[in-house]
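Below: the structure, in structure tokens.
Values quoted throughout were computed directly from the atomic coordinates according to the rules given, and no laboratory measurement underlies them. Not measured: the values here are computed from a predicted model. Here the Cβ positions follow ideal geometry from the backbone for every residue, glycine too, while neighbour counts run over all protein chains shown.
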Amino acid sequence: MLNTYLAKGDVALSISMTMTSTLVGVFATPFLCAFYLSETVSVDMFSMLMSILQMVFLPVLAGVLANQFVYSQISKIEKFLPSLSIIFILLIITIVVALNSVRLIDIGLLTLAAVVLHNTLGLAGGFFVSRLCGFNLKQSQTIAIEVGMQNSGLGAALALQYFSPTAALPGALFSIWHNISGSFLATIWGKKRESFEYLVKDEEHLKSD
């Protein structure tokens, strides 16, 4: 959602996709583990749902309510929010690296390559498939971010809470790479959209004159 906002994408679509995929993930995790690892995994679904509620749904609800009832106050600082978002992303990357510096070295290049490939295929596939399906550019960019970018911070936190530190390592590595690639892509798309909107407004102004 954060990178969609920075890219000036369809935030409402991003929120809907994030909520849906997060909820499905709770029920799909045991089945995916059984399918890929041929092992069964016991998950306290109710407890995990409560954790997701606290980390995902409550902040989203707070944002919706704030936008609905105190938008006039929020609009005054809205132009500073993208820069503030980037600062928080950099802070997240710093914390993840600091907490997992030793383990990240042990993960190896193979896992890093898998993370980069997963991210690249997700971004490209999400964008081009959605375009083929008839979605507009703004929606396609949003879908690309949602497919290619996973909530790895949430995944790492849940893995650490319900499984083991080792299970959280891929999520930690995903957090680092996804925040770097996602922020870079969101910044490019956001600046292009700003330039396009400026040209459209300038053209409309010339026509009115």
**Q.** Estimated FRET transfer efficiency when R0 is 22 angstrom, pair CYS33-THR120 (beta carbons, to 0.05)
**A.** 0.35
Q. LEU132 to SER75: extension gain in nm, 0.36 nm per residue of separation minus the Cα-Cα distance?
A. 17.0 nm
